[in-house]
1. Among what's in the range 89-129 and is of a type in the set (Ser, Thr, Tyr) and at pLDDT 90 or above, pick the residue that is surrounded by the most Cβ atoms within 10 Å (Cβ to Cβ).
2. Taking into account only those residues within the range 45-88 that are aliphatic (A, V, I, L, M) and open to solvent by 80 Å² or more (accessible area, probe 1.4 Å), which is modelled with the lowest pLDDT?
3. Is it fair to say residue 80 is under 30 Å from residue 111 (Cα atoms) and of a type in the set (D, E, K, R)?
4. Does at least one position in the range 27-41 carry a residue that is in contact with a helix residue (DSSP H, G or I) (Cβ under 8 Å, 6 or more places away or on another chain), surrounded by 13 or more Cβ atoms within 10 Å (Cβ to Cβ) and β-branched (Val, Ile, Thr)?
5. Scan the range 24-44 residue by residue and report those that are in contact (Cβ under 8 Å) with a residue 60 or more places away in the chain and part of a loop (DSSP other than H, G, I, E, B).
6. If I ask for residues that are within 22 Å of residue 79 (Cα to Cα) and open to solvent by less than 70 Å² (accessible area, probe 1.4 Å), which ones from the range 1-26 would you list?
7. What is the number of the single condition among (1) assigned to a helix (DSSP H, G or I); (2) in contact with a helix residue (DSSP H, G or I) (Cβ under 7 Å, 6 or more places away or on another chain) that residue 21 does not meet?
Amino acid sequence: AMSDTFEGFGTFAASALVAPDNAAAVLGAMRAIANLLATTPVDDDVLERARRPMIERLAMSRKDNGYWLGLLSEAQLRADRLDRYRTYEARLRAVTPENLKIVAARYLVPGNALAIRIVHESLASGPAK
């Protein structure tokens, strides 16, 4: 998610709904996947299976008035972002396994990750803060 306030800043987030007893294992798996993405290019088939639904969603959304109204609502105040809409499909198709590896190595740095666990107060180990 790109920041609307700070140029060149954004966030990457992953989330999962899991039983509290599984939270540590799932977080460990997420960290392992991030590390794997940063060290090993993904298989072409895996990349295509991730990309295809995004391209299909884009094609479907372009048939919906909501997509175009959203685009129009940004056209005047954020005209610089219109090229993102125009080039989105081409940019999706241009992603390669090696691109993903490079980007993951740059941004999915373990020491920069912030893990947040949200549990019901009845399951919290201490007082709510």
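The values are calculated or read from the model by the stated rules, or taken from the named source; none is laboratory data. Quantities reported herein were computed from a predicted structural model and do not represent experimental measurements. Backbone-built Cβ (ideal geometry, glycine too); neighbour counts: all protein chains shown. Surface accessibility is based on the protein's heavy atoms, side chains included, excluding ligands, DNA and RNA. Shrake-Rupley method; radii C 1.70, N 1.55, O 1.52, S 1.80 Å.
1. My answer is 107.
2. 77
3. On the way: under 30 Å from residue 111 (Cα atoms): no; of a type in the set (D, E, K, R): yes.
Against the criterion (under 30 Å from residue 111 (Cα atoms) and of a type in the set (D, E, K, R)), residue 80 does not qualify.
4. no
5. Initial filter on the range 24-44 (in contact (Cβ under 8 Å) with a residue 60 or more places away in the chain): 27, 31, 34-35, 37-41.
Listed by number, the residues that qualify are 40, 41.
6. Passing the criteria: 3, 10.
7. Exception for residue 21: condition (2).
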